[in-house]
Structure formats: C-alpha cells, structure tokens
Amino acid sequence: ACFGSNLDLMSDVPAVNQEHRVAPEAGTRLDRALADILTDLSRSRIKNLILNGLVSTAGVTITDPSYTVKPSEVFDIKIPQLAASKLTAEKIPLRIIFEDTSLLVIDKQAGLTVHPGAGQPSGTLVNALIAHCGESLSGIGGVKRPGIVHRLDKNTTGLIVVAKTDQAHVSLSAQFEARTVERAYLAFVWGVPTPRLGVIEGNIGRSRRNRTKMAVVPEGRGKRALTRYRTLALLSNVVSLVECRLGTGRTHQIRVHMTHIGHPLVGDTDYARKTPLQRASHSVDTSEAIKNLGRQALHAAELGFEHPESGERMHFTIPLPADMKLLE
C-alpha cells in the first residue's frame with residue numbers, strides 16, 4: 001500500500017487522507033481488500049466509507065462494497081476525523097481489572113447503569129469510560145466512544161468487557177454472537193433447586209402482564225434462551241448459592257429462568273414471588289443481610305474471550321462483592 005496526501009478534500013469535512021494501492025488477486029471484494037490494508041478499521045467501518053462515497057478509483061467514486069477489485073487498481077480513501085461523542089465525560093470511579101489499547105475489563109459496581117438511555121442520560125459506565133479513556137479511544141463506527149458488546153443490569157455486579165477500538169468491537173461482538181465467550185454468574189436463590197445440577201431452556205420475551213418485565217414465553221414467541229446451573233452451597237433449606245452459565249444472552253435471563261423453575265433470586269423485587277424478608281424469617285442475621293442488600297443477589301464472576309488483536313485466550317474471575325458475602 002502507498003500513502004499520500006494529495007487528495008482534494010471537501011472543505012467542510014475534516015479528514016485524514018490516505019492513498020492506497022490495492023493489488024489483490026482478481027475477484028476480491030473492495031471492502032475485504034481495503035480491510036486487509038486498513039487493519040485499524042473494521043470491515044463494517046470500511047463498508048460505511050464506501051457507501052458514503054469516500055472511496056474512489058481513477059476519479060470515479062465507488063459506492064458498492066462488493067465491487068470487484070482489478071489487479072493494480074489504485075483507490076483513494078477519505079477517512080473523516082473521529083467525531084466527538086455527544087455524551088458527557090464524567091469522572092466516576094471504576095474498578096479496572098485489565099486494560100490495553102484494545103479493550104478494558106471492569107468489575108462493575110452495583111447501582112451503575114451501563115449505557116445512557118431515556119431514563120438515565122448520564123451517570124453511566126459509558127460516561128465514566130469516556131472520561132477515563134480520553135484520547136485512547138480510537139473510535140467505534142467513526143465516533144470516539146467505548147464499544148459496549150454486552151451489558152449487566154444496573155444492580156448486577158461483576159465483570160464486563162468494553163471495546164476501545166472499532167476492530168475490537170467487531171471481534172468481541174462476533175464472539176458473543178457465536179457464543180464462544182465464557183460467562184459464569186453467582187447467585188443466591190430462594191430454596192434448593194431440584195435437581196441440583198440442570199439446564200433451563202425456555203424462550204424469553206416481554207411479559208404480557210407487565211411489558212417492563214421479561215418472562216418465559218410459549219414456543220414461537222420471544223427468543224431461545226438456555227441457562228446451565230449447578231448448586232454450590234446450601235444455606236439451610238431456605239437459600240442456595242448457585243452458579244449459572246449462559247448458553248445465550250437474553251435480557252434478565254438468569255433472573256427469569258431461575259424464577260421459572262421456582263427459585264427466584266434473593267433481593268429481586270421484580271421477579272421474586274414472595275417478600276424476601278418473610279422467606280428469610282428463620283434467621284435474623286440473614287434477614288438483615290437481605291434487607292441491606294437492596295438488590296438482586298447476582299454477580300458476574302467469570303469472563304473468558306479471545307483477545308481481538310493477539311488471539312490469546314483471556315480469562316478473568318472476580319470474588320463475590322462484600323454485600324453478597326454477608327449472605328454466605
């Protein structure tokens with residue numbers, strides 16, 4: 001590839017100009033050929049550049065990503081400067097377990113929402129990451145922002161991985177889609193699951209009784225969901241510590257599936273069927289711990305994935321947070 005800066009730029013669109021000589025084997029798609037050269041950009045980002053008329057050859061703009069590249073063709077690519085995120089940077093304390101130029105792994109605290117939304121436009125993990133990462137964010141889809149590839153509920157603690165680059169975002173998203181990411185959660189549930197080791201399968205979709213909640217729905221509705229669980233410890237016959245491993249990643253999956261088999265999570269006011277303090281009345285100590293917990297007893301304890309750049313298999317574990325330890 002050859003690089004130059006002699007392109008005629010649009011005056012109102014600041015850009016970094018690169019001229020690339022692409023000479024792959026005849027028949028190669030344009031988006032794939034450019035992705036082999038511009039390794040710091042994802043193929044989806046390159047596809048968008050093509051669709052937006054920022055790629056040309058011999059003065060002719062190419063807008064078809066599947067355009068067949070001819071040997072020794074020269075393509076001019078205009079790459080606009082990264083747009084600043086419209087979200088506000090906020091200095092919120094983060095527990096960073098691992099960080100490099102591609103990604104971060106964070107132990108998320110309870111009460112922290114992952115992404116801004118209509119109900120919470122600020123004070124989120126994304127706002128905190130924009131402040132923490134600063135110029136180290138190389139852009140997701142052309143915008144300086146962290147790439148969220150999976151989420152944890154606001155009051156669920158534990159491990160979450162976030163992309164810092166476009167390439168990392170695409171790679172991690174693909175791994176989640178292919179279900180090659182290893183995820184294990186620890187939860188305290190009411191009762192003793194029978195059997196103590198099992199698989200829960202049941203489509204998850206919006207509850208018809210309450211559209212703000214999810215539920216196991218009949219075949220043909222919702223999305224397929226699979227949770228593998230095993231009971232790790234019994235706290236009398238009232239509460240059990242279970243490990244749940246996700247075969248799929250649906251909204252509120254563990255909370256919905258454990259409720260479905262009759263063992264809702266301790267502290268889960270959305271899905272638990274009875275008042276937690278009534279069910280814990282056998283033990284004053286346990287009752288106080290549950291009362292002080294103030295959230296569902298769910299913790300993302302294990303996370304494993306392939307590093308987007310090196311290909312190295314990465315694996316992280318994190319112990320229970322202090323409020324859940326009081327339930328042991």
ask   = Using a basic spin-label model with each label point 7 Å from the Cα along Cα→Cβ, how many nm lie between T248 and E182?
value = 2.4 nm
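My understanding is that a pair violates if its Cα-Cα distance is over 22 Å; which of K108/K325; K164/K223; K47/K78 do that in this structure? Intermediate results must be reported in sequence, preceding the final value.
On the way: K108/K325 16 Å; K164/K223 29 Å; K47/K78 13 Å.
In this structure, K164/K223 lie more than 22 Å apart at Cα.
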ask   = Once phi is turned into ³J(HN,Hα) by the Karplus curve 6.51 cos²θ - 1.76 cosθ + 1.60 with θ = phi - 60°, what whole-Hz value does each residue of the range 209-225 show in order, with x for glycine and proline?
value = 7, 8, 5, 7, 10, 9, 7, 6, 10, x, 3, x, 10, x, 10, 4, 9
query = Accessible area, 1.4 Å probe, largest first: how do I148, I204 sort?
reply = I148, I204
note = The correct ranking of D107, D36 by accessible area at 1.4 Å, largest first, is D36, D107
request  = Taking H placed 1.01 Å from N in the peptide plane, check which residues at least 5 places from I79 or on another chain put their amide H under 5 Å from its amide H.
outcome  = V16, Q18
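The values are calculated or read from the model by the stated rules, or taken from the named source; none is laboratory data. Please read these numbers as outputs of a predicted model, since none were measured by experiment. As a convention, Cβ positions derive from the backbone with ideal geometry for all residues, glycine included, and neighbour counts pool all protein chains shown. Only protein heavy atoms, including side chains, enter the accessible area calculation; ligands, DNA and RNA are left aside. Shrake-Rupley method; radii C 1.70, N 1.55, O 1.52, S 1.80 Å.
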